[in-house]
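The values are calculated or read from the model by the stated rules, or taken from the named source; none is laboratory data. These figures come from a predicted structure and were not determined experimentally. Ideal geometry is used to build each Cβ from the backbone, glycine not excepted, and the neighbour counts take in all protein chains shown. Quick note on the areas: whole protein, heavy atoms, side chains included, nothing else; ligands and nucleic acids left out. Shrake-Rupley method; radii C 1.70, N 1.55, O 1.52, S 1.80 Å.
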Amino acid sequence: MKPKVAFFDFTGCEGCQLNKLNFENELLDILAHVDIVEFREVMDERADSYDIAFVEGGISSPACVERIHDIRRRSKILVAMGACAVNGGINALKNRQPIDAVREAVYGEDKYLFATLPAMPISAVVKVDLEVRGCPMSQPDFLKLFKALVFGKQPPKYDYAVCVECKLNENECLFNTGQVCLGPISRGGCEAICPGFGQFCTGCRGFVEDMNEAAMLKILTDHGVSRDEARKQMTLFNATEVSV
Amino acid sequence: MKKNLNINVHHLTRVEGHGNIVVNMRDGVLETAHLNIVEPPRFFEAMLKGRKFTEAAIITSRICGICSLGHQITSLKATEAALGLEVSEQTVLLRKLLIMGATIQSNVLHAYFLAAPDFLNATSVFPLIATHKDVVVRALRMKRLANEIGELIAGRAVHPITPVPGGFTQIPSSHELSALREKLINEGLPDAIATVETMQSLASTIPQFHRPTEYISLKNDTDYAFYDGEICSSDVGNTAVENYLGITNEFVVTHSTSKHAKHNRGAYMVGALARWNNNQSQLTDQAKSAARSMGLTPDCHNPYMITIAQVVEIIHCIEESIRIIECLTDLGLKQERPNQTPTRFGRGISATEVPRGILFHDYTYDVQGRIIAANCVIPTGQNLANIDADMQKLVPEIVEKTEPEIVHALEMLVRAYDPCISCSVHILDVEFNHG
């Protein structure tokens, strides 16, 4: 029996789901090993239960809370996919602003027409078994996890900094080019793709477990960034993880 | 017959984001025909507040994974206008090439993966792998090639890396660009022509439904406008991009977390069919003849033909990509440092034709280069009132059909617009108070 696989999207950009359709070379092989039984973005069918449910996007409304409970109840393994689902991602930035004022500015007197909650990762509401990090989730990383699941192996874990992969790739350190970068505290597994293209790391895969927030702040301020700016930069994809 | 209908398609499939189709008819009188947008709002304005100009495009590209390149480039243009940052001819050409890649990928995704199953009475592309394998393989090959444009120039097709305010952090080599050109000529164009042939054979199944509306797109003198131009209305002519708020006139409706828009009539259309109606004379000859062969006529008022207009644009965008690469080669590629030294701080407004239509970004920066006000108006939001108006005309016309047939016609109609619902609710206008 091929495992029954489903894909679901919550509050997010659907970029992680799209990234799966971007496996143009591998898609037909992937389909040979699993039965995709539900994937609203591309198919009409729905199913009652799932061996593996991949969930993209975060929780941001009462309807999301209800729906993820229902999916969890019917899933053997639940995988959070992408930054919004894993740690709140960019959605959680709104939590650091007075949301009532924003609602009023957007919807005016209709501000209570649409129920909204602070943005939360999936794990804030139900148990998450496995995760694929990143914004967007990296395709090689997804394939590794997917293969491990299908063949009953242990998926890889990454708990080292982006700097490690950057050094392995022999990239020039962006601090030497006048930029500032969150590589020293950000979780790797992305092959340091952004610094590899000359762009600073934004920490989209979250931070390493034992990250030294104070030391990162010091590196940034030593490179001319104000403390306020430095903290803002660190919250970009990690509003739920930064204590400052 | 005084018919009663009570249709509620919950979470419409094969569209990007969450929407419901709701139709109520009592004793033959249509009471409601709406696309309800139920996607939770994300409040991007709150995310942008106080952010530096180097972060704006990183944030706004996350409005939508499918449209991330379009958001990124439109965001960069607005920031550059606000801060007085000039960009080089090379930067403009590379960005135009990215827009071509994004349009090809999005149009292929919609035509083959989301819309085509309707024409073939399938529920998704997956069963077509068994029955139409060569077509599915071709579609995947075309998507791959389109994504390769994004990956080569932007580092990644979803949430691009290299495009930054003032230019690019890294550019491809001339060798890589000429290899891409070869592939576009030898693989892309033949596949696009084969796509036209496939669509010709399906064209007879496209529903006949006509409702003239106002068509709005960018327009300029030099090309079939994607990257820049003035706002063109088929009703009233051209308007400068800076005056976009006089075009979009957004308003809140209770059945949609995304605002609606209207201009000269109760609704207007943006996207591939609006571009076709306004700018068809500027298409390449091959794209024009593809349009004729698929029955796309000038002044087409049938929204089901949006998919056909997208296929026409695939041909155009592949040929245009080849031309842009030749321009870049003639120019001689140079490593340039992005120009990130502001000459002013203020408001900047930009517009780009992204796959689903005209997209506006509008930012105001303080003297430290931080965002104090932001507004984005999304193509799908602009189309919502038009979709409702189409449904209100369509339902009485097909009321004699069975309820499943009516539901199918409505689903196909909404899908034809290729709505990007995540986009449409993820950013709404707001002014922040200073401080």
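The fraction of Cα-Cα pairs per 5 angstrom bin, counted from 0 for segment A:1-78, comes to 3, 15, 24, 27, 19, 8, 3, 1 percent, rounded to whole percents.
Buried accessible area for the A:B pair, summed, 1.4 Å probe, in Å² rounded to 100?
So the total buried area for this chain pair works out to about 5700 Å².
Centroid-to-centroid, using Cα positions, segment A:144-216 and segment B:1-52 are 40 Å apart. The alpha carbon gyration tensor of segment A:4-150 gives principal lengths a ≥ b ≥ c with a/c of 1.5 or higher and a/b greater than b/c, which makes the shape prolate.
In the protein assembly as shown, taking the dipole from charged Cβ atoms about the Cα centre, the farthest positive-side position among B:310, A:196, B:32 is held by A:196.
Of the listed peptides B:195-206, B:16-27, B:371-382, what is their order by residue-averaged count of other C-beta atoms within 10 Å, with the highest listed first?
B:371-382, B:16-27, B:195-206
For segment B:1-137, the number of Lys pairs with C-alpha atoms closer than 27 Å, counting only pairs eight or more positions apart or on separate chains, is 4. Highest average first, the peptides B:48-58, B:410-420, A:172-182 ordered by how many other beta carbon atoms sit within 10 Å of their residues are B:410-420, B:48-58, A:172-182. The Cα center of segment B:67-125 and the Cα center of segment A:52-125 differ in position by 27 Å. Shape class of segment B:76-214 from the Cα gyration tensor (axes a ≥ b ≥ c, square roots of the eigenvalues): prolate, since a/c reaches 1.5 or more and a/b is larger than b/c. Shown in residue order for segment A:173-184 are the 3J(HN,Hα) couplings computed by the Karplus curve 6.51 cos²θ - 1.76 cosθ + 1.60 at θ = phi - 60°: 5, 5, 4, 6, 9, x, 9, 10, 8, 9, x, x Hz (x for Gly and Pro). Solvent-accessible area of segment B:105-194 (1.4 angstrom probe, protein heavy atoms only): carbon and sulfur portion equals 56 percent.
Using Cβ point charges alone (K and R +1, D and E -1), the dipole size of segment A:162-235 about the Cα centre works out to roughly 180 debye.
Shielding by partners for peptide A:133-143, expressed as the average number of C-beta atoms from other protein chains within 10 Å of each residue's C-beta, is 2. Straight-line cross-link partners of residue A:218 among the aspartates and glutamates, defined as a Cα under 14 Å from its Cα and at least 8 positions apart when in the same chain: A:228, A:229. With the simple model of a label 7 Å out from the Cα in the direction of the Cβ, residue A:112 to residue A:34 spans 4.3 nm. Starting from one equal scatterer on each C-alpha and no solvent at all, send me the Debye-based log10 I(q)/I(0) for the protein assembly as shown at q = 0.05, 0.07, 0.09 Å⁻¹, two decimals. With one equal scatterer per Cα and no solvent, log10 I(q)/I(0) is -0.21, -0.42, -0.72.
Relative contact order of chain A: 18 percent, from C-alpha pairs under 8 Å at least 6 residues apart in sequence.
Listed by chain and number, the lysines whose alpha-carbon sits under 16 Å from that of residue A:127, ignoring those within fewer than 8 places in the same chain, are A:76. If you bin the C-alpha pair distances of chain B every 20 Å from 0, what whole percents do you get? Going from the shortest bin to the longest, the percentages are 27, 58, 15, 0.
Can you give the charge dipole size of segment B:218-356 about its Cα centre, rounded to the nearest 20 debye, using +1 on the beta carbon of Lys and Arg and -1 on the beta carbon of Asp and Glu? Walk me through the intermediate numbers first.
Values: 13 positive and 16 negative charges, 100 e Å.
Rounded to the nearest 20 debye, it is 480 debye.
Could you check what % of the DSSP bridge pairs in the protein assembly as shown are antiparallel, to the nearest 5? About 70 percent, rounded to the nearest 5. Probing with 1.4 Å while keeping every protein chain in the model, the per residue accessible area of segment B:62-108 equals 15 Å². Looking only at segment B:344-360, which residues have a backbone nitrogen under 20 Å from a spot 7 Å from the Cα of residue B:243 in the C-beta direction? Those under the cut-off are B:347-353, B:358-360.
The packing ranking of peptides B:393-404, A:155-166, highest mean first, is A:155-166, B:393-404, where packing means the average number of other beta carbon atoms within 10 angstrom of each residue. Taking the charge dipole of segment A:1-140 about its Cα centre, with +1 at Lys and Arg Cβ atoms and -1 at Asp and Glu Cβ atoms, the residue from A:13, A:63, A:25 reaching farthest to the positive side is A:63. Taking Cα centre as origin and charging only the Cβ of basic (Lys, Arg, +1) and acidic (Asp, Glu, -1) residues, the dipole magnitude of the protein assembly as shown rounds to 1040 debye. Which one, A:171, B:260, B:153, is farthest towards the positive end of the dipole of the protein assembly as shown when Lys and Arg carry +1 and Asp and Glu -1 on their Cβ? Checking the options against the dipole of the protein assembly as shown, the answer is A:171. The Cα-based radius of gyration of segment B:305-349, divided by its Kirkwood radius, gives an Rg/Rh of 1.24. Ellipticity at 222 nm from helices only: DSSP H runs of n ≥ 4 in chain A, each -39500 (n - 2.57), divided by the residue count, give -9000 deg cm²/dmol. In plain terms, if you count all Cα to Cα distances in segment A:162-235 and split them into 5 Å steps from zero, the share in each step is 3, 18, 30, 26, 18, 5, 0 percent. Counting Cβ atoms of other protein chains within 10 Å of each Cβ in A:90-96 and taking the mean gives 6. With a length cut of 24 Å (Cα positions projected on each helix's long axis) and a Kyte-Doolittle mean of at least -1.0, go through chain B and give me the DSSP H helices that pass. Helices meeting the span and hydropathy rule in chain B are B:89-108, B:133-154, B:306-331, B:379-397.
Accessible surface calculations at 1.4 Å, restricted to protein heavy atoms, place segment A:1-78 at 36 Å² per residue. Inter-chain neighbour count for B:101-112: the average number of beta-carbon atoms from partner chains within 10 Å of each residue's beta-carbon is 1.
Among the listed pairs A:4/A:144; A:157/A:232; A:20/A:147; B:219/B:262, those whose Cα-Cα separation exceeds 22 Å are A:157/A:232.
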